[in-house]
Amino acid sequence: MPGKILVTGGTGYIGSHTCVVLLQSGYDVHIVDNLSNSHQDVVDKIARITGKTPGFTRLDLCDKEVIYGFMKEHQDITGVIHFAALKAVGESWEYPVRYYHNNILGLLNLLNAMHESGCKNLVFSSSCTVYGQPDELPVSESAPLKKALSPYGNTKKMCEEIIEDHVTATSLNAISLRYFNPIGAHPSALIGELPLGVPNNLVPFLTQTAMGKRECLKVFGDDYSTPDGTGIRDYIHVTDLSQAHLAAIERLEKEKNTQPCEVFNLGTGSGYSVLDIIRTFERVNEVKVNHQIEDRRPGDIEKVWANPEKANRELGWKARLGLEEMLESAWKWEEALAQKH
Ligand code: NAD
Ligand code: WQD
């Protein structure tokens, strides 16, 4: 019998897609979120997609007493998927302390509350940002972690280390999932990414430009050592990513993990340039994207893509959807948002 999973940050972008997959696979789901970067109506959208309503509690993980109280009251929770974090790289340079406070304290409180209540399974949202610019591509999990390129990135690195140490000292089992670049939205267009203000990331900026909400997409640099000179990333469909969380929590719940603390790359294994993204988007959606080449963005790496073989082999998970499906769904989501406003 699938157990009950606590999803922190479950009304957010990746969390909401993961709740859908968990509910569709028979898990009971309870979301906790402080709604600092999401809306409660996402709970209803998840219910519309799955026919099942997840539990929801608005709480801040930085409030120790509240999360302790929550875990004590919900002793039936068998595993936790921890998405809740602040994630804007640029903002983390402006407010580093806010990022360290939220992302580190939130994790510490959660780990302590899980320990007190005897909950032993944790899946953590990490990021390919922990690799910096890798020396070898594709990058595998054994590659050395580089100095973080932002306070945000550093919180991910530190959280991975905290989890590793805590696992050594306790009976916790944990999996850190290093996402590459998640994009796209659920095919229903009921849930997707909701960037607040001006998006930092390529695809939301691109879809908003195509919609006419932004004048022009800046392509940050065309002088990189890549075939067309623009930066290369491993973009992954958010629905593929959510399936990997199901595989990870199942691995822990069924005690199939081979070590108490494991790390997996979640990418497709293919890299695409910024111009590949723009051209593919224009072709599959038959929409033009006004864009121009600008200077490089400070702090950007040149190229990165994953070696996802460990996740393929050990989690039995593989990204299935290609760039066209990712960019079609991203556009469908932007169109759905435009209809609402
Ligand atoms: P998101 O902002 O859409 O979701 C995060 C959710 O956490 C939000 O709903 C927010 O309200 C909530 N939250 C933040 N701090 C909280 C706190 N203290 N207490 C309770 N709730 C809190 O972000 P996302 O894109 O879904 O990212 C999910 C996770 O994946 C994050 O940990 C992020 O760092 C990580 N990640 C994201 C990407 C990406 O490109 N989206 C890439 C790699 C890793
Ligand atoms: C992708 C490419 C840009 C915007 C960030 C975080 C990382 C992870 C994923 C959480 C790059 C180019 C972008 C634009 C552009 N998040 N670009 N014009 O930088 O790979 O990673 O999100 O963990 O930590 O740093 O993603 O979408 O910002 O950029 O040309 O307006 O698009 O230079 O080559 P990035 P991104």
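The accessible area of Ser273, taken with all protein chains in place and a 1.4 Å probe, comes to roughly 0 Å². What's the angle, to the nearest 10 degrees (0 to 90), between helix 106-117's Cα axis and the longest principal axis of the chain? Once rounded, the angle reads 30 degrees. For the stretch 32-84, relative contact order (Cα pairs under 8 Å, six or more residues apart, normalised by length) works out to 33 percent. Note on the chain: dipole from Cβ charges, positive end direction compared against Pro138, Ala88, Leu111; the farthest Cα belongs to Leu111.
Between helix 151-169 and the chain, what is the angle of the helix's C-alpha long axis to the longest principal axis, kept within 0 to 90° and rounded to the nearest 10? Here the helix axis deviates by roughly 30 degrees. Note: relative contact order over the stretch 121-266, using C-alpha pairs below 8 Å and six or more positions apart, is 33 percent. Qualifying GluC sites (Glu not before Pro) in the stretch 229-285, where qualification requires a DSSP coil assignment and no more than 12 other C-beta atoms within 10 Å, comprise Glu255. Counting only DSSP H runs of at least 4 residues, each contributing -39500 (n - 2.57), and dividing by the residue count of the chain, the helix-based mean residue ellipticity at 222 nm comes to -11500 deg cm²/dmol. Sorting Met211, Met326 on solvent-accessible area from highest to lowest, probe radius 1.4 Å, gives Met211, Met326.
Computed over protein heavy atoms with a 1.4 angstrom probe, the accessible surface ordering of His101, His17, largest first, is His101, His17. Evaluated with a Cβ-only charge set (Lys, Arg +1; Asp, Glu -1), the stretch 226-341 carries a dipole of roughly 180 debye about its Cα centre, given to the nearest 20. Taking the 1.4 Å solvent-accessible surface of the chain as the whole, the part contributed by carbon and sulfur is 48%.
Within the chain, DSSP assigns beta bridges of which about 5% are antiparallel (rounded to the nearest 5). Rounded to the nearest whole Hz, the Karplus-based 3J(HN,Hα) values (6.51 cos²θ - 1.76 cosθ + 1.60, θ = phi - 60°) of the stretch 40-49 follow the sequence 5, 5, 4, 4, 5, 5, 4, 5, 5, 6, with x at glycine and proline.
Applied to the stretch 270-282, the Karplus parametrisation 6.51 cos²θ - 1.76 cosθ + 1.60 on θ = phi - 60° returns per-residue 3J(HN,Hα) values of 10, x, 10, 7, 4, 5, 4, 5, 4, 5, 5, 4, 4 Hz, with x for Gly and Pro. Could you tell me which trypsin sites (Lys or Arg not before Pro) in the stretch 311-341 are loop residues by DSSP with no more than 12 other beta carbons within 10 angstrom of their beta carbon? Here the sparse-neighbourhood loop sites are Arg320. Pairs of Cα atoms nearer than 8 Å and 6+ residues apart set the relative contact order; for the chain it is 19 percent. Near Ser127, the amide H atoms lying under 5 Å from its own belong to Tyr179; only residues 5 or more places off or on other chains count, and H is placed 1.01 Å from N. Phi angles of the stretch 179-185 translate, via the Karplus equation with coefficients 6.51, -1.76, 1.60 and θ = phi - 60°, into HN-Hα couplings of 6, 8, 9, x, 9, x, 8 Hz per residue; Gly and Pro are given as x.
Remark: the stretch 112-186 carries 38 Å² of accessible area per residue (probe radius 1.4 Å; ligands, DNA and RNA excluded). Amide H contacts of His291 (H built 1.01 Å from N, in plane; Pro and chain starts excluded): Leu217 sit under 5 Å, all sequence-distant by 5 or more or on other chains. Specify the inter-centroid distance of the stretch 327-341 and the stretch 178-219, based on alpha-carbon positions, in whole Å. What the calculation gives is 9 Å, centre to centre.
Roughly speaking, what is the centre-to-centre gap between the stretch 280-318 and the stretch 23-86 when only Cα atoms are used, to the nearest Å? Comparing the Cα centres of the stretch 280-318 and the stretch 23-86, I get a distance of 29 Å. Note the angle between two axes, namely the Cα long axis of helix 238-253 and the longest principal axis of the Cα atoms of the chain, as a number of degrees from 0 to 90, rounded to the nearest 10. For helix 238-253, the angle is close to 20 degrees.
The values are calculated or read from the model by the stated rules, or taken from the named source; none is laboratory data. Just so we're clear, the structure is a prediction, and the values are computed from it rather than from any experiment. All Cβ positions, even for glycine, are placed from backbone atoms using ideal geometry, and neighbour counts span all protein chains on display. For the accessible areas, the whole protein counts, side chains as well, though only heavy atoms, and no ligand, DNA or RNA atoms are used. Shrake-Rupley method; radii C 1.70, N 1.55, O 1.52, S 1.80 Å.
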